[in-house]
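Reviewing the structure listed below.
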Amino acid sequence: CLGLDNSGKTTIINQLKPSNAQAQDIVPTIGFSIEKFKTSSLSFTVFDMSGQGRYRNLWEHYYKEGQAIIFVIDSADKLRMVVAKEELDTLLNHPDIKHRRIPILFFANKMDVRDALSSVKVSQLLGLEHIKDKPWHICATNALKGEGLQEGVDWLQDQIK
Ligand code: GTP
Ligand code: MG
C-alpha cells in the first residue's frame, strides 16, 4: 500500500480489517507496518508503507513479493498531486514493476473533503490512461466512513484470483 504521507493508507487498511482488529487511533506510519488479516473473501498481508519523503526509498524493497499495489491519493491535496504523479511514475518505471502485469488499485481518498477532486480528475492528473500494460482501477473513497473501499477490494479480488 503506497502513496504520499497523509493520504489515508493506514486509515484505509484499518477499515478493511475485521472490526475487532481495528485500531482506534491512527498515527503517521514510521518506516512501514505489516498488517495480516482475513476478510470474508480474501487473506491480506499488507505492507503499509510510510509516505513521508524520507521513507519512500523503502517502497521498492517490497515490489518483488507484492501481488498487487494499492496506491492512495489525497483527492483534496491539489498542491501535491504532481508529487504523487512523480512517485507513481517512478514506481511504474521500476525494474521490478515495469514488465509485470501487476494490478494497481487507486483509491482517490478523502472524497468527503469540500473541494476534493473527482476520481476522474485525479485519474487525468496522474495520467492513468497511459498505463496500458497493467490492469488498474480507480475508486473515490472516504476512508473515515469506509465508503468506496469494497468496490475496490472486489475489483482487486477479481484480478488476483
Ligand atoms: P503516512 O503513514 O504518514 O504515510 O500517512 P497515511 O497515508 O497512512 O495517512 P493516515 O491513514 O495516517 O491518515 C492521515 C490523516 O488523514 C488522518 O488524520 C486521517 O484521519 C485522515 N483521513 C484519512 N482518510 C480520510 C478521508 O477519507 N477523509 C478525511 N476527511 N480524512 C481522512
Ligand atoms: Mg500510515
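Most mobile of G53, G127, G148 per a Gaussian network model of the chain (Cα springs, under 10 Å)? Comparing G53, G127, G148 in the GNM, the peak value goes to G53. Rounded, prolate or oblate: pick one for the range 72-158, where a ≥ b ≥ c are the square roots of the eigenvalues of its C-alpha gyration tensor, a/c under 1.5 means rounded, and failing that, prolate if a/b is larger than b/c, else oblate. The shape class here is oblate. Taking a Cβ cut-off of under 10 Å around V113, the surrounding Lys, Arg, Asp and Glu residues balance to a net charge of -2, with basic ones at +1 and acidic ones at -1. Once you have a ≥ b ≥ c as the square roots of the Cα gyration tensor eigenvalues for the chain, tell me rounded if a/c is under 1.5, and otherwise prolate or oblate according to whether a/b is larger than b/c. Because its axes are fairly even, with a/c under 1.5, the chain counts as rounded.
Take every DSSP beta bridge whose two residues both sit in the range 5-143; close to 40 percent of them are antiparallel. What net charge is computed for the residues neighbouring N14, neighbours being all others with C-beta under 14 Å from the C-beta of N14, Lys and Arg scored +1, Asp and Glu -1? Taking every other residue near N14 into account, the sum is +1.
Would you mind classifying the range 10-56 by shape? Square roots of the alpha carbon gyration tensor eigenvalues, ordered a ≥ b ≥ c; an a/c under 1.5 is rounded, otherwise it is prolate if a/b is larger than b/c and oblate if not.
Since a/c reaches 1.5 but b/c is at least a/b, the shape of the range 10-56 is classed as oblate.
Each part reduced to its alpha carbon centroid, the range 12-29 and the range 77-154 end up 21 Å apart.
Can you give the helix-only mean residue ellipticity at 222 nm for the chain, where every DSSP H stretch with n ≥ 4 adds -39500 (n - 2.57) and the sum goes over all residues, rounded to the nearest 500 deg cm²/dmol?
On the way: 5 runs with 44 residues, N = 161.
Counting only the DSSP helices, I get -7500 deg cm²/dmol.
Helix screen, the chain: DSSP H segments with Cα axial length of 15 Å or more and mean Kyte-Doolittle hydropathy at least 0.0 are 81-92.
Among M81, M49, what is the fewest-to-most ranking by other Cβ atoms within 10 Å? The partial results should precede the final answer.
Values: M81 18, M49 22.
Ranked by crowding around the Cβ, least crowded first: M81, M49.
Quick note: the coordinates plus some simple rules give every number you see, no bench work behind them. Because the structure is predicted, anything quoted here is derived from the model rather than measured. Counting neighbours? That spans all protein chains shown, and the Cβs are built from the backbone with ideal geometry, glycine included.
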